[in-house]
Each structure stands twice: as C-alpha cells, then as structure tokens.
Amino acid sequence: MSRLRAIDGLRGVAALSVLAYHAWLYSLPRVSSSTRETAFDSAAHELRLGLVLFFVLSGYLLFGPWVRSALEDRPGPRLRPYALRRAARILPAYWVALVGSIALVWPIEGTAGVRLPPAEDLWLFAVLGQNFKEATLLKLDPPMWTLTVEATFYLALPVLGAVALALRGRGGRWTLAAVPLAFLALGVAWNWWIAERDLPLTVTKVLPAMAPYFAVGMLAAVAAHGRTAGSRARGWLLVAGALLVAGDAVWHGLGAAEGSSWVELRIVRDLPAAAGFALVVAASATAASVPRILGSAPLARAGLWSYGLYLWHVPVLVWLRSKGLLPSDALLALAVAAPPSLALAALSWRYVEEPALSWARQRSWASRPGSTVPVPSHQGQSTVEGEPPRFETTFPVPRQGGHGVGAGVSGSSSAALKARARVAPFGQGTRS
C-alpha cells in the first residue's frame with residue numbers, strides 16, 4: 001500500500017509540474033516557450049519535465065506485468081482485457097475533454113496562446129491522429145499530443161512484452177533488460193536520424209522520438225521487481241535521480257542561451273532527466289516505507305485526478321486569459337487557474353474515469369475463467385498513469401446462468417462473501 005501511495009504521489013508531482021509550467025507560459029505577454037528573460041523564467045520553463053515523468057511512469061507500470069510474468073514464470077497478460085482497460089483509461093475522459101476544449105476555446109479565437117485547427121480536421125483529434133498533420137499538431141488543447149504517443153505505446157507494448165516472455169529462462173533479470181535497452185536504442189537512433197534533417201515537426205511528436213523515456217521506466221520495472229531498498233540505498237537513488245533531473249534542466253537552459261543550436265540536445269533530448277526520474281521511481285517503488293512528501297494526502301489526491309487535470313488545465317488557462325481573469329504574474333496565475341482546473345479534474349475522475357475503469361474491470365473479470373469480483377480495499381485510490389485501482393482482496397463468485405461477474409452478489413449471497421479472501425499482488429488487474 002505504501003509503495004502504491006508513493007507512485008500516486010509521483011503522478012501528482014508530474015501533474016502539478018505541468019500545470020505550473022503552463023501557468024507561467026500563458027501568463028507571459030507573448031505566449032512562447034522561448035521567452036526566458038530571467039532566472040525565474042528559466043526555472044519555470046523546466047517544469048515541463050513533468051511530462052517526461054509521466055512517460056517514465058507509464059513505462060514502469062505498464063511493462064511491470066510482463067516483467068512479473070517473465071521473472072516469476074507466470075502466464076503473460078491477456079491482450080483483450082489489456083486493450084479494454086487501456087481504452088477505458090484514456091478515451092472516455094479524453095473525448096469529454098475534447099468536447100469541452102472546443103466549447104471553451106473555439107469562441108475565443110484571437111486570444112494569445114489560442115491556436116485552432118481547421119474545422120474539417122477536428123475528426124483527427126477524435127481518433128488521436130492530430131500528431132500526424134502539422135495543421136493539427138499542438139492545436140486546440142496542446143498537451144493532448146502526448147495522448148497520441150501514449151496510445152501508440154499501448155499498441156507497441158504487447159509486442160515488447162512478447163519478446164520479454166520469449167527471453168525468460170535465458171539469463172534472468174538482465175537478459176530481460178535487453179528489451180527496454182533495445183527500445184531505448186531505437187529511440188536515440190530515431191532522434192539522431194531526424195536531428196539535422198529538414199523534417200516537419202510531426203516527426204518529433206511520435207513514439208520513436210519518445211521511446212527513450214518509456215524505455216528507462218521499463219528498465220526501472222526490471223531492476224525493481226521483487227526488491228526492497230534500505231533507507232541508505234533509497235537515499236542514494238533519490239539524490240542521484242534529483243541530480244540527473246537538475247543537470248538536464250541546466251544543460252537545456254545553457255543550450256537555450258546559445259539559441260538551442262546544439263545537435264546533442266535534439267538527439268539526447270531529456271534522456272538524463274528521464275533516467276533521473278526512473279531512479280526516483282525505483283527508489284519509491286522499492287522503499288520499505290513511503291517517503292513522507294510523496295505519501296502526503298494532497299499529492300495522492302492530485303495523482304488520482306492527474307489525468308483530468310492534464311486534459312483540462314490549458315483550456316481553463318486560455319479561457320481565463322480571454323476574460324481578463326488571468327494575472328500576468330506566474331504564481332498568481334497558478335493560484336487562479338488551479339482551483340477550476342482541479343475541480344474539473346475531480347469531476348472527470350468521479351463521473352467519467354472511475355465509471356469507465358469500473359466497467360472495463362468488470363468486463364475483464366467477466367471474461368476470465370473462474371471469475372472473481374474485485375473488492376476495493378481503499379476507495380478512490382489508483383495507481384499511476386491509468387492503472388486501475390488496486391484491490392487487496394477478491395472473493396470467488398460462482399457463475400450463475402451466464403449473468404457474468406457478480407451474479408447473485410447481494411445480502412443473500414453469504415456463501416460467496418464467506419469465501420476465503422486472497423491477497424492480490426500489486427498490479428494484478430493488468431494481468432486479467
């Protein structure tokens with residue numbers, strides 16, 4: 001439970017970092033990330049690294065079930081439930097936010113920071129295809145470009161997982177690490193290939209360009225599986241991770257001061273920060289106790305609402321700016337934009353994300369031989385980057401007349417409720 005809470009805390013850090021970055025960006029007189037006139041501007045710009053943390057967390061969490069299957073000689077995750085849960089995790093809330101973004105942003109064309117796509121291309125957003133056309137890339141609700149990358153990672157992951165399962169029994173943990181290392185190398189090679197070519201921006205916003213970030217999260221899953229770090233080891237991991245993240249920020253800041261002309265920046269990108277975040281994730285996931293800050297209730301709540309917060313905060317910022325309600329001071333802009341953004345995120349979780357995940361979970365268990373009904377051990381808690389809530393116990397329920405999971409579960413189904421409970425390992429939901 002403590003490890004789960006720490007991961008949720010990291011997701012909260014990522015979400016709040018991205019919110020703060022955009023609060024700074026959209027409070028500028030000219031909305032441009034190249035505007036870094038003061039040391040504060042340079043520091044605020046590097047809050048963008050919260051996005052990298054999201055990708056690292058996705059790699060860590062979603063590759064984890066294949067790591068467990070390979071290292072513990074279990075059956076691999078079933079693809080139909082995996083696909084159902086991935087779709088339920090991102091699509092319903094995304095579609096609702098897409099409609100909301102159109103309603104909020106379309107009428108305020110001309111406001112600084114508002115970039116609208118051609119109306120005839122809106123269908124590309126509905127199918128997560130906006131990254132593949134320059135007329136739609138980074139338009140409407142700019143952070144949505146990452147959902148296209150995330151979705152394509154979901155499609156690629158079963159292939160990577162199948163390779164990992166094929167390697168089991170051939171050298172253990174470090175042989176398994178060859179899969180994310182190859183994925184990382186592919187990403188670096190892609191970025192090297194496009195670095196000095198006159199290519200459209202779209203080639204920088206696709207899965208191969210972001211593969212190194214997912215890959216280091218996957219490596220963290222391999223390294224951390226089945227291990228518990230002592231306090232000293234955890235401390236060193238956290239310090240090393242923080243230094244890598246800070247070093248990446250300084251390196252990019254120096255590069256920006258030189259006009260961002262360093263080709264190394266375009267090849268390596270934010271890989272040092274991603275590696276640092278992977279160390280922090282590994283330290284948090286293997287700690288015997290949750291770090292105090294990461295385990296705080298506000299960060300855990302921000303982690304729970306992080307997807308909705310990520311989807312809604314930019315439309316809120318530009319709408320506030322169009323009405324003259326967004327202060328020109330970055331910290332004040334953050335204070336003004338955070339409450340409505342968090343409120344929309346909470347509504348998204350309560351009325352869209354949680355019901356969709358619950359539906360997908362029940363459908364997954366209904367299709368599983370010897371179905372069991374998952375019983376939540378802590379209301380509302382969820383794992384990072386779209387994983388379903390963790391379930392500590394499950395109760396076997398016999399199928400009755402083909403009615404699926406939970407048939408007959410009521411006050412009268414005492415036989416089912418008296419069945420012996422079993423502890424479900426972290427992340428088991430992804431295996432069903």
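The values are calculated or read from the model by the stated rules, or taken from the named source; none is laboratory data. These figures come from a predicted structure and were not determined experimentally. So basically every Cβ, Gly included, is an ideal-geometry build from the backbone, and we count neighbours across all protein chains shown. The accessibility values were calculated without ligands, DNA or RNA, using every heavy atom of the protein model including side chains. Shrake-Rupley method; radii C 1.70, N 1.55, O 1.52, S 1.80 Å.
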Problem set entry | the stretch 105-119 - residue that is among the β-branched types (Val, Ile, Thr) and assigned to a loop (DSSP other than H, G, I, E, B) and, of those, nearest to the chain's Cα centre (by Cα) | VAL114
Exercise. Counting only residues that are touching a residue at least 12 places away in the same chain (Cβ under 8 Å) and assigned to a helix (DSSP H, G or I), which one in the stretch 191-201 is surrounded by the fewest Cβ atoms within 10 Å (Cβ to Cβ)?
Worked result: LEU201
For this session: Among what's in the stretch 207-222 and is free of Cβ contacts under 8 Å to residues at least 60 places away in the same chain and open to solvent by less than 30 Å² (accessible area, probe 1.4 Å), pick the residue that is nearest to THR136 (Cα to Cα).
Result: LEU207
For this session: Return a yes/no flag: does the stretch 310-321 have any residue that is among the hydroxyl-bearing types (Ser, Thr, Tyr) and within 16 Å of the chain's Cα centre (by Cα).
Result: yes
For this session: Return the only residue of VAL163, VAL188, VAL159 being open to solvent by 40 Å² or more (accessible area, probe 1.4 Å), part of a helix (DSSP H, G or I) and touching a residue at least 40 places away in the same chain (Cβ under 8 Å).
Result: VAL188
For this session: Any residue in the stretch 19-48 that's closer than 15 Å to LEU332 by Cα: show its pairings with residues that are open to solvent by 30 Å² or more (accessible area, probe 1.4 Å) and of a type in the set (Val, Ile, Thr) at Cβ separation under 8 Å, as long as the two are six or more apart or on different chains.
Result: LEU25/VAL31
Problem set entry | Given (1) closer than 21 Å to LEU309 by Cβ; (2) touching a residue at least 12 places away in the same chain (Cβ under 8 Å), index of the condition ALA103 fails | (2)
Exercise. Looking at the stretch 275-283, is at least one residue open to solvent by 20 Å² or more (accessible area, probe 1.4 Å), without any contact (Cβ under 8 Å) to a residue 24 or more places away in the chain and under 30 Å from GLY235 (Cα atoms)?
Worked result: no
Problem set entry | Considering residues of the stretch 166-182 that are of a type in the set (D, E, K, R) and not in a helix (DSSP H, G or I) only, the residue farthest from LEU79 (Cα to Cα) | ARG170
Seminar exercise, completed: The condition of being open to solvent by less than 40 Å² (accessible area, probe 1.4 Å) and β-branched (Val, Ile, Thr) holds, among THR204, THR228, only for THR204
Exercise. Based on what the data block shows, is PRO315 out of contact with any strand residue (DSSP E or B) (no Cβ under 7 Å at 6 or more places or on another chain) and not in a loop (DSSP other than H, G, I, E, B)?
Worked result: yes
